1. Criterion first (of a type in the set (Lys, Arg) and at pLDDT below 95) does residue 7 satisfy it?
2. Select from the range 1-54 the residues that are under 13 Å from the mean Cα position of the chain (by Cα) and either over 24 Å from residue 65 (Cβ atoms) or in contact (Cβ under 8 Å) with a residue 40 or more places away in the chain (or both) and list them in ascending order.
3. Given the structure, is residue 42 touching a Cys at 6+ places or on another chain (Cβ under 9 Å) and not small (Gly, Ala, Ser)?
4. Can you pull out every residue in the range 89-112 that is surrounded by 11 or more Cβ atoms within 10 Å (Cβ to Cβ), farther than 13 Å from residue 69 by Cα and free of Cβ contacts under 8 Å to residues at least 40 places away in the same chain?
5. Can you name every residue in the range 86-98 that is out of contact with any Phe, Trp or Tyr (no Cβ under 7 Å at 6 or more places or on another chain) and modelled with pLDDT of 95 or more?
6. Given (1) in contact (Cβ under 8 Å) with a residue 40 or more places away in the chain; (2) farther than 19 Å from residue 16 by Cα, identify the lone condition not met by residue 68.
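The values are calculated or read from the model by the stated rules, or taken from the named source; none is laboratory data. Predicted model, so just to flag it, every value in this text is computed and none were measured. Methodologically, a virtual Cβ is constructed for each residue, glycine included, from the backbone with ideal geometry; neighbour enumeration extends over all protein chains shown.
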Amino acid sequence: MEPEKIRVPAYRVLRNDLSRDERDQWTSWQVFRTENVANQGLPDGWSWKRGEYQLSHSACEKIAALIHSLPAGVIALESSPVHFSVYWRESGGPEQLDAIYAALQPILTAKI
């Protein structure tokens, strides 16, 4: 069986507040809205693609809290030393995008 391909826009927030050491030691991660066994520390219906068992318990709690606050149209999150990405089906209009951006702030501040 071939994996399902979904095409949605990625909304990215550049990470311009990281030092060289922080960038060099960064742990990148990706989570997706899907049922899978790679779901340690994530809400039901979400799974790791990259980063499982590599982040602290506190970081995983912040990611889970973010996921709970996001609209159903968000299908994936990705964090790298370059940017934080939200893959969103663009339902709900501009006010929904503002709410997503506000929900990201604890993750961005914590540099997760």
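1. When the stated conditions are applied, residue 7 passes them.
2. Of everything in the range 1-54, those that are under 13 Å from the mean Cα position of the chain (by Cα) and either over 24 Å from residue 65 (Cβ atoms) or in contact (Cβ under 8 Å) with a residue 40 or more places away in the chain (or both) turn out to be 10, 11, 12, 13, 28, 29, 30, 31, 32, 33.
3. yes
4. 92
5. Of everything in the range 86-98, just one residue is out of contact with any Phe, Trp or Tyr (no Cβ under 7 Å at 6 or more places or on another chain) and modelled with pLDDT of 95 or more, namely 87.
6. Answer for residue 68: the failing condition is (1).
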